[in-house]
1. Restricting to the stretch 86-100, name every residue that is assigned to a loop (DSSP other than H, G, I, E, B), of a type outside the set (Ser, Thr, Tyr) and surrounded by fewer than 17 Cβ atoms within 10 Å (Cβ to Cβ).
2. Can you give me the ranges of the strands (runs of 3 or more DSSP E) entirely in the stretch 292-375 with at least 2 residues that are away from the ligand (no atom under 14 Å from the Cβ), assigned by TED's automatic domain parsing to the domain that holds Arg249 and not aromatic (Phe, Trp, Tyr)?
3. Are any of the residues in the stretch 101-124 part of a loop (DSSP other than H, G, I, E, B), within 16 Å of the ligand (Cβ to nearest atom) and under 19 Å from Pro211 (Cβ atoms)?
4. If you scan the stretch 168-211, which residues turn out to be hydroxyl-bearing (Ser, Thr, Tyr) and modelled with pLDDT of 95 or more?
5. For the stretch 258-276, which residues satisfy the criterion of being within 14 Å of the ligand (Cβ to nearest atom) and touching a strand residue (DSSP E or B) at 6+ places or on another chain (Cβ under 9 Å)?
6. Can you go through Lys296, Lys279 and tell me which one is charged (D, E, K, R) and touching an Asp or Glu at 6+ places or on another chain (Cβ under 8 Å)?
Amino acid sequence: MIATSMAVLQHTYAVPLARAAARSRSLSAFAVPTKAGVSVPSNARESQVLLGMSEPELQRLALDFGQEKYRGKQLHHLLYQRKVKDIQDFSNLPLAFRNDLQESGWRVGWSPIYQTVKAADGTIKLLIKLEDNRLIETVGIPVEDEKGSMRLTACVSSQVGCPLKCSFCATGKGGFSRNLQSHEIVEQVLAIEEVFKHRVTNVVFMGMGEPMLNMKSVLEAHRCLNKDIQIGQRMITISTVGVPNTIRRLASHKLQSTLAVSLHAPNQKLRESIVPSAKSYPLEALMKDCQDYFQKTSRRVSFEYALLAGVNDAEEHAVELADLLREWARGSHVNLIPFNPIDGSDYRRPYKKAVLAFANALESRKVTVSVRQTRGLDASAACGQLRNEFQKSPLVVESEEMESQPEFAVAC
Ligand code: SAH
């Protein structure tokens with residue numbers, strides 16, 4: 001199916017209209033300029049992807065291919081409303097346009113689902129196989145509200161693996177391969193919609209990876225999810241453990257989405273022992289950035305706190321946390337996540353009594369708290385469990401292996 005780069009190159013010379021098309025889409029770092037100044041993928045695998053493009057970009061693309069502008073609007077509808085996966089199935093577009101797009105190396109950008117695992121509570125974990133055979137995980141979490149309508153949250157990955165290695169997180173233990181491109185983030189949401197046959201109402205960047213280490217793609221995906229797939233900005237949460245200088249950069253975009261910071265400890269010493277990356281981002285500097293974020297965006301940062309029995313779950317930690325928040329982030333919300341067990345970890349989940357005592361100690365100091373209900377535990381799809389079972393296998397699969405992979409459990 002995929003043309004060789006030489007074939008793409010030849011075609012680009014043969015169809016002048018495709019030149020501008022190739023230029024109009026900002027190609028990844030892999031793109032190489034040709035003699036004619038045309039960008040073509042350096043490798044046929046890095047074909048150009050429609051998913052993630054905005055309506056104006058699609059209109060430009062149509063014009064670049066000698067089509068009328070309204071074809072761009074049709075493309076937009078086909079991609080984001082009808083969710084068509086193959087250019088040849090864009091049946092209301094002229095065959096010649098479809099052929100031109102394909103022959104110039106364009107594709108829609110959906111990847112196959114490699115494995116689907118359903119937990120007893122209805123949470124579903126998908127393993128998506130990317131073009132380079134790398135696997136990412138995405139989790140769909142359905143919640144029925146009092147009126148019987150369903151909220152469907154997609155917990156999306158931003159990287160293949162994670163380089164930050166928080167001591168209690170399964171993803172970090174599996175290593176890091178690469179950043180995801182924006183369409184690889186967007187397609188996770190579309191895949192969840194397809195599997196659940198339901199619109200995704202909320203998106204949390206809490207799957208594999210550290211979103212702030214891949215901010216460009218995360219912001220592009222955020223734009224597409226909001227503007228093209230029509231998920232309200234307030235329904236999107238970006239979670240970070242804290243990467244120096246990135247919170248300020250994010251603030252400059254003035255998103256109406258929630259920034260969640262994974263704190264996990266009320267002081268630098270304890271935080272460093274749990275989250276190694278905290279060594280290069282002192283707690284005071286992180287809290288100052290959160291304070292500035294609120295001043296710039298009028299959006300309060302919320303804080304996540306994984307409760308690890310005997311490590312950070314004592315009442316004195318709650319008191320210290322309340323003091324820290326009073327100083328830097330008054331009125332912020334804390335989301336407590338009782339530890340989700342992962343293989344090879346000595347951490348333990350605290351008893352319910354300890355979780356409630358911790359929550360009460362915060363609430364009595366006027367900090368609003370929620371305790372995250374664990375979803376998908378039996379499918380290893382809960383927060384931090386992504387790759388729990390799968391980590392024994394590589395991040396990359398060869399296609400022949402597909403049939404022989406053992407069943408594994410999913411858990412956000
Ligand atoms: N890198 C981002 C997103 C990671 S996952 C971040 O750190 O915020 C989302 C949340 O799950 C983070 O707060 C993370 O610390 C937490 N988490 C990871 N492993 C966990 C585990 N085993 N049990 C409970 N929470 C966990």
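The values are calculated or read from the model by the stated rules, or taken from the named source; none is laboratory data. Predicted model, so just to flag it, every value in this text is computed and none were measured. As a convention, Cβ positions derive from the backbone with ideal geometry for all residues, glycine included, and neighbour counts pool all protein chains shown.
1. Selection gives Asp86, Asn92, Pro94.
2. Counting at least 2 such residues, we get 368-371.
3. No; the residues of the stretch 101-124 include none that is part of a loop (DSSP other than H, G, I, E, B), within 16 Å of the ligand (Cβ to nearest atom) and under 19 Å from Pro211 (Cβ atoms).
4. Ser177, Ser182, Thr201
5. Within the stretch 258-276, Thr258, Leu259, Ala260, Val261, Ser262, Leu263, His264, Ala265, Ile274, Val275 meet the criteria.
6. After applying the criteria, what remains is Lys279.
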